[in-house]
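J.: First the structure, which I've put down as C-alpha cells, then a few questions once you've had a look.
What follows is calculated from the coordinates using simple rules that are stated; it is not laboratory data. From a predicted model like this one, the values you see are computed outputs, not experimental measurements. Glycine gets a Cβ as well: all are built from the backbone with ideal geometry, and neighbour counts include every protein chain shown.
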Amino acid sequence: MGVLMVTGLRNHLLKELFWQLLLSENPPNHILFLTNLPEETNKLMLSMLFNQCPGFKEVHLVPGQHDIAFVEFDNEVQAGAAPDALQGFKITQNNAMKISFAKK
C-alpha cells in the first residue's frame, strides 16, 4: 500500500513539473494556447469555462482544426493564472485540456 501511495505521489509531481515546463517554454503572453480539445468543442463551451477566470476576454477557434483554440485575457498575469485553475480539465472523459502560453 505504501509503495502505491509513493508511486502515485511521484507521478503527480512529475505531471505538475511537466506542465510548469510546458508553460515556461514560451514567454508569458496574454493569449493562451489550448490543445487536446475534443471534436465537439465550441466557442460557447470554452467561453463559459474561462469566463470564471479574471481578465477573460475572448475565445478564438481555428477553422478546420477542432483540437486547438486560443483564449485571450486582459494581460499576461491574468492569463498566467488560468492554467492553475483549468490545466488538465476534462472536457470529455478522454480529453484533458492542455494549456500553454501562445507564441508571440
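J.: Which lysines have a Cα lying under 21 Å from the Cα of residue 90, excluding residues fewer than 8 positions away in the same chain?
T.: 15, 43, 98
J.: Where in segment 68-90 is the amide nitrogen less than 11 Å from a point lying 7 Å along the Cα-to-Cβ axis of residue 102?
T.: 69-73, by backbone N distance to the label point.
J.: Please give the FRET efficiency for residue 84 paired with residue 61, using the beta carbon to beta carbon distance and R0 = 30 Å, rounded to the nearest 0.05.
T.: 0.80
J.: What list of ³J(HN,Hα) values in whole Hz, one per residue of segment 66-82 in order, does the Karplus curve 6.51 cos²θ - 1.76 cosθ + 1.60 (θ = phi - 60°) give from phi, with Gly and Pro shown as x?
T.: Whole-Hz 3J(HN,Hα) from phi for segment 66-82: 6, 8, 9, 7, 10, 10, 9, 10, 4, 8, 5, 5, 5, 5, x, 7, 4.
J.: Continuing with this model, one more query. For residue 97, which sequence-distant residues (separation of 5 or more, or a different chain) have an amide H within less than 5 Å of its own amide H, given hydrogens modelled in the peptide plane?
T.: 88, 89, 90, 91
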